[in-house]
Amino acid sequence: MPVQAEKLGGPNIQKLGIKAEYYIDSAEKLPELPPLNDANINLTIRQPLNQKDVAVVLIDLQKDFTTYYANQAVRGGRLGVPVPVPETINEPKSDEVYIQKTIQATKYFHEKGLKIIGTLDSHPQDHISFASNHIGQKDEHGNDIIPNVSRIILPDGRPQIMWPDHCVRPDSSMKPENAGGIQTYIPWQYFTILFPKGTQQNFDSYSGAQDKGGTSTGLIEYLNTNLINHVIVYGLATDVCVADTVVDLQQKGIEVTVVLDLCRAAFSTKKGVRNMESVGATVLDSLESDNTIQM
Ligand SMILES: [Zn+2]
């Protein structure tokens, strides 16, 4: 079930399975960046940004998907997670700049009055995508399973990439220090609504719209109900959950504009961009670039 952001504050944060005390803010070391404002944003979408039919969709901007925060998870005894690697030579090989950029962009859009909609990877501990739940099995080539590398064929014939444990929805047995990885690092106050995905044990869900068994997260229904027909999308990872979400949205008649420098790939940016452009999505280099969306 989606969670309305106004219900996230205080004790209601537990609706996402996250206790309020897990919201530790460790962002004080993030680098300062020049502020974003109308003067340096170069984004035109056929109408002013504050029109009600335009919204922002953030894909899986969660602590477990960043090096900066997931170090805590590794110390807590879990495996590391796919690290978004900066692909521009001017950025340090760390995701601190990326994290700050995405926070800043989200703040900008929030202050413009756009709805900020989030997806959150949210798995049970026994989720089918975790390599740790397939110990002793072999991959599709008969080799030992390596997280982030191997693919297995499930008993029903579906292929499944093997990931390290990530974004585990806390339960009463989980140590508090391990419970924070599911969180978004974007200040929760910016969100209008959040859609958990991958919540069923036997289906992965790269798309924020539906899982691999075809069960809807409610995202598309929410966009339709709110008459939102154009979304600005960014998040993690370009070639996995961002691409799959964008493809689903475009195919359901929602126009998508992806901001590439607010995304990071798990394996290949090129592959992600190719998939998104093949369904008609607009892919911009950045918010500050000289791109104008022609509608
Ligand atoms: Zn996942």
Checked the stretch 260-273 for anything over 14 Å from Q250 (Cβ atoms), modelled with pLDDT of 80 or more and not small (G, A, S); matches are L260, D261, L262, C263, R264, T269, K270, K271
Among the residues of the stretch 110-153, the number that are assigned to a loop (DSSP other than H, G, I, E, B), within 16 Å of the ligand (Cβ to nearest atom), farther than 19 Å from K63 by Cα and touching a residue at least 40 places away in the same chain (Cβ under 8 Å) is 2
Per the list (1) in contact with a His (Cβ under 8 Å, 6 or more places away or on another chain); (2) of a type outside the set (D, E); (3) part of a helix (DSSP H, G or I); (4) surrounded by fewer than 20 Cβ atoms within 10 Å (Cβ to Cβ), residue check on K107 breaks on (1)
From the option list P164, P187, single residue qualifying as under 22 Å from the mean Cα position of the chain (by Cα) and surrounded by 17 or more Cβ atoms within 10 Å (Cβ to Cβ) is P164
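The values are calculated or read from the model by the stated rules, or taken from the named source; none is laboratory data. Quantities reported herein were computed from a predicted structural model and do not represent experimental measurements. Cβ coordinates were reconstructed from backbone atoms using ideal geometry, including for glycine residues, and neighbour counts include every protein chain displayed.
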